[in-house]
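So the structure is just underneath, and the comments pick up after that.
The values are calculated or read from the model by the stated rules, or taken from the named source; none is laboratory data. It should be emphasised that the depicted structure is a prediction, and the values quoted were computed from it without experimental measurement. Positions of Cβ are backbone-derived with ideal geometry, glycine not excepted, and every protein chain shown enters the neighbour counts.
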Amino acid sequence: MDITFRYAKETDAALILQFIKALAEYEKKSDEVIATEDILKEWIFEKKKAEVIFASVNGIDVGYALFFHNFSTFLGRAGIYLEDLFVKPEFRGRGYGKAILKKLARIAVERECGRLEWLCLDWNKPSIDFYLSLGAEPLNEWTVYRVAGDTLKSMAAEQ
């Protein structure tokens with residue numbers, strides 16, 4: 001798989017917003033998007049409250065992930081919380097979503113984070129099945145998925 005990753009720059013604010021809107025459309029929540037390029041520039045790049053990576057194939061941005069650090073008091077260390085993971089529909093089924101998650105696992109391990117977690121809509125069975133296939137576990141009473149410990153290290157080690 002010839003996939004590359006790059007961290008977003010401030011000049012990518014319009015592209016980030018395009019991905020956010022595409023994800024919102026998929027989740028049937030387009031009416032909830034109030035983010036603008038200026039808001040994204042402020043919160044992601046000026047205040048540094050989140051990070052974005054793009055997955056590219058042959059110079060085309062096929063997917064993205066927006067994430068930030070959270071903290072586990074029980075582990076006594078930060079984790080990575082994945083807010084958005086989106087692969088454009090025409091590029092799905094080719095392993096790009098899995099590659100993005102593996103990249104995030106590597107980032108988590110490199111930063112000595114204790115876990116990688118995210119939420120998933122209950123009706124999104126294709127994504128739920130995908131996450132379960134990676135070893136993610138739903139938390140009781142929550143719809144939160146986590147990759148931690150040996151599973152996280154194993155995912156990070158895979159190419």
Could we say that Ile107 is within 25 Å of Thr11 (Cβ to Cβ), in contact with a Leu (Cβ under 8 Å, 6 or more places away or on another chain) and either of a type outside the set (Gly, Ala, Ser) or surrounded by 14 or more Cβ atoms within 10 Å (Cβ to Cβ) (or both) here?
-> no
Check off (1) crowded, with 16+ Cβ neighbours inside 10 Å; (2) more than 14 Å from the chain's Cα centre (by Cα) for Tyr81 and give me the number that stays unchecked.
-> (2)
Which ones in region 1-39 are in a loop (DSSP other than H, G, I, E, B) and surrounded by fewer than 13 Cβ atoms within 10 Å (Cβ to Cβ)?
-> Met1, Asp2, Lys9, Lys28, Lys29, Ile34, Thr36
Note: among Gly76, Gly93, just one is at pLDDT below 95, over 16 Å from the mean Cα position of the chain (by Cα) and more than 23 Å from Ala13 (Cα to Cα), namely Gly93
Val109 vs. criteria hydrophobic (A, V, I, L, M, F, W, C), touching a Lys or Arg at 6+ places or on another chain (Cβ under 8 Å) and modelled with pLDDT of 95 or more | yes
Count, please, the residues in region 45-76 that happen to be buried (at least 17 other Cβ atoms within 10 Å of the Cβ) and farther than 24 Å from Lys98 by Cα.
-> 1
Quick one: in region 140-158, which of the residues that are of a type outside the set (Gly, Ala, Ser) and at pLDDT 80 or above is nearest to Trp123 (Cα to Cα)?
-> Val147
Test result for Tyr26, in contact (Cβ under 8 Å) with a residue 40 or more places away in the chain and within 22 Å of Glu158 (Cα to Cα) = no
Restricting region 87-146 to residues that are in a loop (DSSP other than H, G, I, E, B) and among the aliphatic types (A, V, I, L, M), the residue that is farthest from Gly63 (Cα to Cα) = Leu139
Which numbered condition trips up Ala99, out of (1) surrounded by 19 or more Cβ atoms within 10 Å (Cβ to Cβ); (2) touching a helix residue (DSSP H, G or I) at 6+ places or on another chain (Cβ under 8 Å); (3) of a type in the set (Gly, Ala, Ser)?
-> (2)
Over region 147-159, the set of residues part of a loop (DSSP other than H, G, I, E, B) and either among the charged types (D, E, K, R) or touching a Ser or Thr at 6+ places or on another chain (Cβ under 9 Å) (or both) is Glu158
